[in-house]
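First the structure, in the form of structure tokens, and then the observations on it.
Computed from the coordinates by the stated procedures, all read-outs in this text should not be read as laboratory data. Because the structure is a prediction, the values reported are computed rather than measured. Neighbour counts run over all protein chains shown; Cβ positions are idealised from the backbone, glycine included.
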Amino acid sequence: MLSPIRCFSCGALLGDKYEKFNALVAKGMEPSKALDKLGIKRYCCRRMILSNFEAINKMLPYAEAAALLNDKGDEI
Ligand SMILES: [Zn+2]
């Protein structure tokens, strides 16, 4: 899934914080402290960042295979 642009519950803007959050966690910061540093205080917004899963890289091979089948004219 792509990074969340807004919180589904309260509508707060989160799209600009997801990359920063991942960078902080990659440097070894605790996820809860990274969320605090970015100013994400509400539970609904915190779950948006914490529960996001980058599925695009796992789904991409299937999309490419489907595109190849479509190019050959086969039914999927
Ligand atoms: Zn929220």
Relative contact order, percent, the chain [alpha-carbon distance under 8 Å, six or more residues apart]: 34
On Cα atoms only, tilt of 56-72 relative to the major axis of the chain in degrees: 20
In a Gaussian network model of the chain with springs linking alpha carbons closer than 10 Å, the residue among Lys58, Lys41, Lys33 that fluctuates most is Lys58
Give me the one-decimal nm value for the distance between modelled label points at Ala65 and Val25, 7 Å along each residue's Cα-to-Cβ direction. 2.8
Estimated vicinal HN-Hα couplings, Hz - segment 13-27 in sequence order (Karplus 6.51, -1.76, 1.60; Gly, Pro = x): 6, 10, x, 7, 9, 5, 5, 5, 4, 4, 5, 5, 5, 5, 7
